[in-house]
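J.: Provided herewith is a single structure, encoded as structure tokens, for subsequent inquiry.
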Amino acid sequence: MLAVPPAILTLLSIWQIGVGHTWGKHPMSNTSLIAWTIFLWLVYLRLVTVRLVTEVRRGEVSIAMRGLWRSRVIPCARIKSVERTSFDPAHDFGGYGIRSTRSGIAYLAGGGEGVRLEIASGPPVIIGSKRPGELAEAIQKTCGIPSTR
């Protein structure tokens, strides 16, 4: 879906500049059309290189949308519980990305599975993951949190 706007502008550029037919009653100048096309392709390329990276280190869990946002560090001392969870990104959080809702803060990059962290004195944190079982185990082991199985 992200590629649709730049692809449409690319086709309009070819139609107007390459073929010589203007589009609409008040067409954009060729310079503006080229500039917007390049701009949208750059935004598209930037967005497709963003990655959700979760690192479990000694004493902390680090969550980052690499290429878009700085990381968030959650000290192990603030994590009360860890559990695997399933969700519908569109219905539960309004889509992918960094989402803040009544049910907590979510870091989602794809899929419908992840880990839910109950945080002391704060909203729950949901971290999307392709391997939620491994992530939950790593957080439990590193932070010394008993398994909820």
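The values are calculated or read from the model by the stated rules, or taken from the named source; none is laboratory data. Given the structure is predicted, the values throughout are model-derived calculations rather than measurements. All Cβ positions, even for glycine, are placed from backbone atoms using ideal geometry, and neighbour counts span all protein chains on display.
J.: Mind listing just one residue for me: the one in region 58-71 that is in a strand (DSSP E or B) and surrounded by fewer than 16 Cβ atoms within 10 Å (Cβ to Cβ) and, of those, nearest to the chain's Cα centre (by Cα)?
T.: Arg66
J.: Next question, about the same structure. Of the conditions (1) farther than 21 Å from Arg131 by Cβ; (2) under 17 Å from the mean Cα position of the chain (by Cα); (3) at pLDDT 90 or above, Thr37 fails just one. Which one is it?
T.: Every condition holds for Thr37 apart from (2).
J.: Residue under question is Tyr107, and the condition is that it be crowded, with 16+ Cβ neighbours inside 10 Å and closer than 15 Å to Pro132 by Cβ; does it hold?
T.: In short, yes.
J.: Among the listed residues Trp41, Trp23, identify the single one that is part of a helix (DSSP H, G or I), among the aromatic types (Phe, Trp, Tyr) and outside the structural domain of Ile105 (by TED's automatic domain parsing).
T.: One residue alone meets the criteria, Trp41.
J.: Of the conditions (1) in a loop (DSSP other than H, G, I, E, B); (2) surrounded by 17 or more Cβ atoms within 10 Å (Cβ to Cβ), Pro146 fails just one. Which one is it?
T.: Tallying (1) in a loop (DSSP other than H, G, I, E, B); (2) surrounded by 17 or more Cβ atoms within 10 Å (Cβ to Cβ), Pro146 fails exactly one: (2).
J.: Can you tell me which of (1) farther than 29 Å from Met1 by Cβ; (2) outside any strand (DSSP E or B) is the one Lys130 doesn't meet?
T.: Only one criterion in (1) farther than 29 Å from Met1 by Cβ; (2) outside any strand (DSSP E or B) is unmet by Lys130, namely (1).
J.: Now for a separate question. Taking the residues in region 40-61 that are touching a helix residue (DSSP H, G or I) at 6+ places or on another chain (Cβ under 7 Å) and β-branched (Val, Ile, Thr) as candidates, determine which candidate is modelled with the lowest pLDDT.
T.: Thr54
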